[in-house]
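Okay, structure first, notes after.
The values are calculated or read from the model by the stated rules, or taken from the named source; none is laboratory data. Fair warning: this is a prediction, and the values are worked out from it, not measured in the lab. As a convention, Cβ positions derive from the backbone with ideal geometry for all residues, glycine included, and neighbour counts pool all protein chains shown.
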Ligand SMILES: *Cc1c(COP(=O)(O)O)cnc(C)c1O
């Protein structure tokens, strides 16, 4: 008898320690079964969609789809550099910011290094560290009772967790899945404390949704701190999640290192065209922000009237804290055609993450809650 072939035994230790991505629900199957009678509030997508100019640019780019994309993404970098007040040399483009978050660990950390992140930070950070073979240091989050950022990042504890072998700190601001944030003063204090040999990666996937004045974000600090890396994406407020395009802004030497690892045509031509046009459409982004702010506060109020507490959020989702196992409620909602994100995988089984949907979707959610036995 021959042994069954199992390639897992051949994988590198770092790869063997990983688990494949768990997408949660099988959305294509649910859509096929339930049709339009479904409210998709599980993936933090922008229900207003992308700028019409982005869609038009994408359609126009179709004619040339037989050609390779611009491997440098020069037009998109120029548009971003102009908008953000940085140079094109300070920008790296990714197939979504997820790819860049992974590449940062691959380029700067290996088995000799450690990577610091927060206990309830974005799920990609521990995966990026593990895939690079580095040791992950999960710093305890702020307590549930913290008034400003319950379950959020404890920046002082994170700075204190940095060791001699630490190469990267991942911060999400605002954070997914908590929706919480830290202000610019807290970031300034962390940057002042952390040695320059440690890259501070601030993931600002939800930056465009922020409407607080004390949360300008990390970008203004890049001039002073060459070890600061700011990650952003077109997947959230720009409504281009399916196109897969994100970017980082960093010191030109950090970008040059990432460029060594980057796959030559990682961002496809349709995505480049759409993102470049999206940068130019400020009015659409403003409309998205207005809708999201209003719909989020309306939904939080309606949930509160029904006795449901949400963590404070500066994003396009809220984390509903049930205070007891949330699995039965999640099942009930699914039965009513309302898809939310279960949080057991994060160790937050008493919570559900709920994206801000269209008005009719948000109302479906409330109706489903009102239909609870
Ligand atoms: C959605 C998200 C991302 C980005 O995802 P991409 O689609 O890969 O750009 C990055 N960080 C956080 C915290 C997110 O929630």
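Some notes on this structure:
- Of 142, 55, 62, 104, all but one fail to be buried (at least 22 other Cβ atoms within 10 Å of the Cβ) and assigned to a helix (DSSP H, G or I); the exception is 104.
- Where residue 212 falls short, out of the listed (1) under 23 Å from residue 120 (Cα atoms); (2) touching a strand residue (DSSP E or B) at 6+ places or on another chain (Cβ under 6 Å); (3) more than 13 Å from the ligand (Cβ to nearest atom): (2)
- Among the numbered conditions (1) surrounded by 18 or more Cβ atoms within 10 Å (Cβ to Cβ); (2) in contact with a helix residue (DSSP H, G or I) (Cβ under 8 Å, 6 or more places away or on another chain); (3) closer than 30 Å to residue 34 by Cα, the only one that residue 300 does not meet is (2).
- Verdict on residue 317 being closer than 26 Å to residue 62 by Cβ, within 15 Å of the ligand (Cβ to nearest atom) and touching a strand residue (DSSP E or B) at 6+ places or on another chain (Cβ under 7 Å): no
- Filtered residues of the range 146-197 (kept if modelled with pLDDT of 95 or more, part of a loop (DSSP other than H, G, I, E, B) and surrounded by fewer than 18 Cβ atoms within 10 Å (Cβ to Cβ)): 146, 163, 164, 165, 183, 195, 196, 197
- Yes/no for residue 33 being surrounded by fewer than 21 Cβ atoms within 10 Å (Cβ to Cβ), free of Cβ contacts under 8 Å to residues at least 12 places away in the same chain and away from the ligand (no atom under 16 Å from the Cβ): yes
- Unique residue being free of Cβ contacts under 8 Å to residues at least 12 places away in the same chain and on the phi < 0 side of the Ramachandran plot when the list is 237, 304: 304
- Checked across the range 243-252, the condition of being more than 20 Å from residue 158 (Cβ to Cβ), free of Cβ contacts under 8 Å to residues at least 40 places away in the same chain and under 18 Å from the mean Cα position of the chain (by Cα) holds for no residue.
- Against the numbered list (1) surrounded by 15 or more Cβ atoms within 10 Å (Cβ to Cβ); (2) modelled with pLDDT of 95 or more, residue 346 comes up short only at (2).
- Evaluation of residue 123 against (1) within 15 Å of the ligand (Cβ to nearest atom); (2) touching a residue at least 60 places away in the same chain (Cβ under 8 Å); (3) buried (at least 17 other Cβ atoms within 10 Å of the Cβ) (one fails), failing number: (3)
- Among the residues of the range 231-271, those identified as within 16 Å of the ligand (Cβ to nearest atom), surrounded by fewer than 24 Cβ atoms within 10 Å (Cβ to Cβ) and either assigned by TED's automatic domain parsing to the domain that holds residue 289 or within 17 Å of residue 57 (Cα to Cα) (or both) are 235, 239, 241, 242, 243, 244, 268, 270.
- Among the residues examined, residue 112 qualifies as loosely packed, with under 15 Cβ neighbours inside 10 Å and either in a helix (DSSP H, G or I) or more than 16 Å from the ligand (Cβ to nearest atom) (or both).
- Which listed residue is more than 12 Å from the ligand (Cβ to nearest atom), at pLDDT 95 or above and in contact with a strand residue (DSSP E or B) (Cβ under 6 Å, 6 or more places away or on another chain), from 74, 134: 134
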